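All remarks here apply to the structure that follows.
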Amino acid sequence: MPAIVVESLTKFYGRTRGVEELSLEVREGEVFGFLGPNGSGKTTAIRILLDFIRPTRGRATVLGLDAQRDSMEVRRRVGYLPGEPGLYDHMTGEEYLAYMASFRSGGARGGRGATGGAGSPNGHDRRAVAARRADLSRRLDIDLGRRIKTLSRGMKQKVAIIQAFMHGADLLVLDEPTSGLDPLMQHVFYGILEEERAAGRTVFMSSHVLSEVERVCDRVAIIRGGRIALLEVVEDLKRKRIKKVHATFAGPIEAGSLSLPGVRDLTVKPSGSGAVAEFRVEGGAVPAVVRALGSLPLADMVIENPSLEDIFFEFFGPEAAAEVARAHAIEGREGRGQG
Amino acid sequence: MRVFRRSLWDEKSAILIWALILALYAVFGVSSYKSFGQSETLNQLMQGLPEYMLAMFGGLPWGTVDGYLNTEIFSFLSLLTALYAALFGASALAKEQDSHTIESLLAQPVRRWSVVLGKFGAMAVGAVLLNLVLVATVVLSLSVFGLEGASAATYPIVALASALTAVATGALALFVSTLVPDQSKAAAYGTGIVIGLYFVNVIGQISDKAKFLSHINPFGYYRSASIITSGRIAWGDAAFLVGFTLAFLALAVWWFEKKDLT
């Protein structure tokens, strides 16, 4: 049974489009990345799954349950990390997590249902939840005794992550999970996510960071303008992706020596006694190019993964890339604003 | 139930401060009777007040303990506790939406209507407590200051009527908080509506043409003077206040159940 099935999901806020004719299926036990620029409809789709928003048309099922009609049962079995960690500022982290856990104690269904990993703590098992909470707080290096209003954005994100993960839910729905985390904590988070995957849990996460999705996800959907623009196995996406190569040579080279299948936009310029070559290469052609470079007087080389803008440019053209760049610029300003 | 308990716990400081202020107000009201209530000059002044002011002050003779306390305390009791209820009711759900905590809350297996009822219950308990504190302080102060001739046994019934009025306006404010997902705006609208209703009721009391304004207004069904005189709350008044409360509570639940939380 698929963990999530979305069929022709459409949501309009008045005349403003949230998502339109969105269809996708998330398989049980996979980590699914939902990628797209701000305003593309990621959060709208996620909120429909949690029944915060009611669709204009279409339907969604989560763990075989109707997202609207069976919303209580859905939320009992889902761990949710919101894009904006809305926490109660006057509480300590411990109080907040205890308050959230109190809604699942007693009422939670026992097993993992169709999905989930062995030995996972269920909502009703307070000791298991408490142990998991303690483990997560230790790994994420956060003092849960502090008042939430005194915590930084990144610290609040950690509390929100613990809240989503501590119940050992069958399905994790994560909206921009690493937002606000420093690189070290991102690494810790990816480790936690790996464990969830190994335990057989399903993860549905939105992101606008391609490298993150590549690192942790099995499949990825790119959403643009409220519709699924691309749905790929991550490994396939990597193979198809164009990488940028910047190579510096200690001596002169012939441009023809790099004119290989899969190499595009090649430029070779003299630089001092040597040369500098810049080109783009398709993912599958990288080994052949590296072999060819090895036979040349190579002094230095940078292989750059494309940004989300590059991917969009590659798949959808310059207009889409500009859309992503604008969204990133807005987000950058908002991020600075938040301090 | 958890939302109710948590909301009440979170409001404990506010309830305590309001209770303290209302208790001081009650002590001041009772203690000032001998100076002001028995003053012949003030008695004459009160009798010469315009009709709208007499309507605001309740309509019992100023020179008696009951009349003095009704003018000084009970006629304003419903307004004061309604302001508390409106502030709490209006910010209850708006605050959750404004600070995005509603997402954390509704990501748990909790029904939307139970969140609304939990907030309503906490508001109602706070309003009842404040009225009880004030009346208990009045009754205690009567014996401390040695005042006799008061119909003290009717005062808890006045408190009940005032609490019903406060809860009714609080339910209206709660409905406002489902419509306005901005805490400060919702609080401003909620308290503004309550103050407006109070003065609209005063207009309704003094003008026959505007009497209908009191008939659709919770403050129009809070009659402290009548309760002190008769020793009971009119069933019709209680029924209107309860009906008003249930109507706006139902509206709040209905709207909150159907709205998109964006």
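The values are calculated or read from the model by the stated rules, or taken from the named source; none is laboratory data. Because the structure is a prediction, the values reported are computed rather than measured. Neighbour counts run over all protein chains shown; Cβ positions are idealised from the backbone, glycine included.
Please name all residue pairs, on different chains or six or more residues apart, with Cβ atoms under 7 Å, provided the first residue is in the stretch A:142-154 and is outside the structural domain of A:Tyr96 (by TED's automatic domain parsing) and the second residue is aromatic (Phe, Trp, Tyr) and modelled with pLDDT under 95.
That search, which allows pairs on different chains as well, returns nothing.
Can you name the residue in the stretch A:56-68 that is within 13 Å of chain B (Cβ to nearest Cβ) and surrounded by fewer than 21 Cβ atoms within 10 Å (Cβ to Cβ) and, of all such residues, is nearest to A:Gly18 (Cα to Cα)?
Ranking the qualifying residues of the stretch A:56-68, first place goes to A:Thr56.
For residues that are in contact (Cβ under 8 Å) with a residue 24 or more places away in the chain and either over 17 Å from A:Gly29 (Cβ atoms) or in a strand (DSSP E or B) (or both), tally how many sit in the stretch A:216-236.
Step one: list which residues in the stretch A:216-236 are in contact (Cβ under 8 Å) with a residue 24 or more places away in the chain, which gives A:216-231, A:234.
With either over 17 Å from A:Gly29 (Cβ atoms) or in a strand (DSSP E or B) (or both) added as a condition, the list becomes A:219-231.
The qualifying residues number 13.
If you scan the stretch A:209-223, which residues turn out to be modelled with pLDDT of 80 or more and either in contact with a Ser or Thr (Cβ under 8 Å, 6 or more places away or on another chain) or among the β-branched types (Val, Ile, Thr) (or both)?
Initially, the stretch A:209-223 is screened for residues modelled with pLDDT of 80 or more, giving A:212-223.
Those that are modelled with pLDDT of 80 or more and either in contact with a Ser or Thr (Cβ under 8 Å, 6 or more places away or on another chain) or among the β-branched types (Val, Ile, Thr) (or both): A:Glu212, A:Val213, A:Val216, A:Val220, A:Ile222, A:Ile223.
Can you find a residue that is closer than 28 Å to A:Gln157 by Cα, without any contact (Cβ under 8 Å) to a residue 60 or more places away in the chain and not polar (S, T, N, Q) anywhere in the stretch A:56-68? Explain how you work it out, then say what you get.
Going through the stretch A:56-68, the residues closer than 28 Å to A:Gln157 by Cα turn out to be A:60-63, A:67-68.
Adding the requirement that they be without any contact (Cβ under 8 Å) to a residue 60 or more places away in the chain leaves A:60-61, A:67-68.
Now restrict to residues that are not polar (S, T, N, Q): A:60, A:67.
So far as the stretch A:56-68 goes, yes, one or more of its residues are closer than 28 Å to A:Gln157 by Cα, without any contact (Cβ under 8 Å) to a residue 60 or more places away in the chain and not polar (S, T, N, Q).
If a residue must be assigned to a loop (DSSP other than H, G, I, E, B), of a type in the set (S, T, N, Q) and surrounded by 23 or more Cβ atoms within 10 Å (Cβ to Cβ), how many such residues does the stretch A:29-47 contain? Give the derivation first.
Of the stretch A:29-47, the ones assigned to a loop (DSSP other than H, G, I, E, B) are A:29-30, A:36-41.
Among the residues that remain, those that are also of a type in the set (S, T, N, Q) are: A:38, A:40.
Adding the requirement that they be surrounded by 23 or more Cβ atoms within 10 Å (Cβ to Cβ) leaves A:40.
Qualifying residue count for the region: 1.
Among all residue pairs at least 6 apart or on different chains, which show Cβ distances below 7 Å where the first residue, located in the stretch B:246-257, is in contact (Cβ under 8 Å) with a residue 60 or more places away in the chain and the second is of a type in the set (Ser, Thr, Tyr) and surrounded by 14 or more Cβ atoms within 10 Å (Cβ to Cβ)?
That search, which allows pairs on different chains as well, returns B:Ala252/B:Thr178; B:Trp255/B:Thr178; B:Phe256/B:Thr178.
When you look at A:Gly123, is it modelled with pLDDT under 90, of a type outside the set (S, T, N, Q) and either over 26 Å from B:Gly118 (Cα atoms) or assigned to a loop (DSSP other than H, G, I, E, B) (or both), yes or no?
Values: modelled with pLDDT under 90: yes; of a type outside the set (S, T, N, Q): yes; either over 26 Å from B:Gly118 (Cα atoms) or assigned to a loop (DSSP other than H, G, I, E, B) (or both): yes.
For A:Gly123, the condition - modelled with pLDDT under 90, of a type outside the set (S, T, N, Q) and either over 26 Å from B:Gly118 (Cα atoms) or assigned to a loop (DSSP other than H, G, I, E, B) (or both) - is met.
Residue check: is A:Ile53 within 14 Å of chain B (Cβ to nearest Cβ) and of a type in the set (Val, Ile, Thr)?
Numbers: within 14 Å of chain B (Cβ to nearest Cβ): yes; of a type in the set (Val, Ile, Thr): yes.
It is true that A:Ile53 is within 14 Å of chain B (Cβ to nearest Cβ) and of a type in the set (Val, Ile, Thr).
Going through the stretch B:1-26 one residue at a time, which ones are of a type in the set (Phe, Trp, Tyr) and within 14 Å of chain A (Cβ to nearest Cβ)? Give the steps one after another, and end with the answer.
We begin by selecting, within the stretch B:1-26, every residue of a type in the set (Phe, Trp, Tyr); these are B:4, B:9, B:18, B:25.
Once the filter is applied, which keeps residues that are of a type in the set (Phe, Trp, Tyr) and within 14 Å of chain A (Cβ to nearest Cβ), the stretch B:1-26 yields B:Phe4, B:Trp9.
Tell me yes or no: at least one residue of the stretch B:98-118 is over 17 Å from B:Lys259 (Cβ atoms), among the small types (Gly, Ala, Ser) and more than 14 Å from chain A (Cβ to nearest Cβ).
Scanning the stretch B:98-118 turns up no residue that is over 17 Å from B:Lys259 (Cβ atoms), among the small types (Gly, Ala, Ser) and more than 14 Å from chain A (Cβ to nearest Cβ).
How many residues are more than 14 Å from chain B (Cβ to nearest Cβ) and crowded, with 17+ Cβ neighbours inside 10 Å if we restrict to the stretch A:10-28?
Within the stretch A:10-28, the first condition is being more than 14 Å from chain B (Cβ to nearest Cβ), and the residues that meet it are A:15, A:20-28.
From the residues that got through so far, the ones that are crowded, with 17+ Cβ neighbours inside 10 Å too are A:20, A:22, A:24, A:26, A:28.
Residues in the stretch A:10-28 being more than 14 Å from chain B (Cβ to nearest Cβ) and crowded, with 17+ Cβ neighbours inside 10 Å: 5 in total.
Determine whether the stretch A:179-189 contains at least one residue that is at pLDDT below 95, assigned to a loop (DSSP other than H, G, I, E, B), under 21 Å from A:Leu49 (Cβ atoms) and not β-branched (Val, Ile, Thr).
Scanning the stretch A:179-189 turns up at least one residue that is at pLDDT below 95, assigned to a loop (DSSP other than H, G, I, E, B), under 21 Å from A:Leu49 (Cβ atoms) and not β-branched (Val, Ile, Thr).
Within the stretch B:125-153, which residues are farther than 28 Å from B:Phe88 by Cα, assigned to a helix (DSSP H, G or I) and not hydrophobic (A, V, I, L, M, F, W, C)?
Result: B:Ser141, B:Ser143.
Just name the residue that is farthest from A:Val213 (Cα to Cα) out of those in the stretch A:35-46 that are modelled with pLDDT of 90 or more and in contact with a Lys or Arg (Cβ under 9 Å, 6 or more places away or on another chain).
A:Thr44
Sort through A:Thr202, A:Thr178 and tell me the only one that's touching a residue at least 24 places away in the same chain (Cβ under 8 Å), under 14 Å from the mean Cα position of the chain (by Cα) and under 22 Å from A:Leu151 (Cα atoms).
Details: A:Thr202 fails: under 22 Å from A:Leu151 (Cα atoms).
Going through A:Thr202, A:Thr178 in turn, the sole match is A:Thr178.
For A:Leu9, work out the one condition from (1) without any contact (Cβ under 8 Å) to a residue 60 or more places away in the chain; (2) touching a helix residue (DSSP H, G or I) at 6+ places or on another chain (Cβ under 8 Å); (3) within 18 Å of A:Glu232 (Cα to Cα) it doesn't fulfil.
A:Leu9 satisfies every listed condition except (3).
Looking at the stretch A:156-200, which of the residues that are in contact with a helix residue (DSSP H, G or I) (Cβ under 9 Å, 6 or more places away or on another chain) and over 24 Å from B:His100 (Cβ atoms) is surrounded by the fewest Cβ atoms within 10 Å (Cβ to Cβ)? Reasoning before the result, please.
Pass one, the stretch A:156-200, residues in contact with a helix residue (DSSP H, G or I) (Cβ under 9 Å, 6 or more places away or on another chain): A:156-163, A:165-182, A:185-186, A:188-194, A:196-197.
Among the residues that remain, those that are also over 24 Å from B:His100 (Cβ atoms) are: A:168, A:170, A:188, A:190-191, A:194, A:196-197.
On the way: A:Gly168: 23, A:Asp170: 27, A:Val188: 17, A:Tyr190: 15, A:Gly191: 11, A:Glu194: 13, A:Glu196: 21, A:Arg197: 19.
This residue is A:Gly191.
Out of curiosity, is A:Ile53 closer than 21 Å to A:Glu214 by Cα and touching a residue at least 12 places away in the same chain (Cβ under 8 Å)? Before the answer, list the steps.
Details: closer than 21 Å to A:Glu214 by Cα: no; touching a residue at least 12 places away in the same chain (Cβ under 8 Å): yes.
The answer is no for A:Ile53.
Name the residue that is nearest to the chain's Cα centre (by Cα), counting only residues in the stretch A:77-91 that are part of a strand (DSSP E or B) and more than 7 Å from chain B (Cβ to nearest Cβ).
Quick first cut of the stretch A:77-91, residues part of a strand (DSSP E or B) only: A:78-81.
Going one step further and asking which of them are more than 7 Å from chain B (Cβ to nearest Cβ), we end up with A:78-79, A:81.
Numbers: A:Val78: 17, A:Gly79: 15, A:Leu81: 12 Å.
The selected residue is A:Leu81.
Taking A:Val74 as the residue in question, decide whether it is within 10 Å of chain B (Cβ to nearest Cβ), farther than 21 Å from A:His208 by Cα and surrounded by 23 or more Cβ atoms within 10 Å (Cβ to Cβ).
Numbers: within 10 Å of chain B (Cβ to nearest Cβ): yes; farther than 21 Å from A:His208 by Cα: yes; surrounded by 23 or more Cβ atoms within 10 Å (Cβ to Cβ): yes.
So A:Val74 passes the test.
How many residues does the stretch A:196-248 contain that are touching a strand residue (DSSP E or B) at 6+ places or on another chain (Cβ under 6 Å), hydroxyl-bearing (Ser, Thr, Tyr) and more than 16 Å from A:Thr43 (Cα to Cα)?
2
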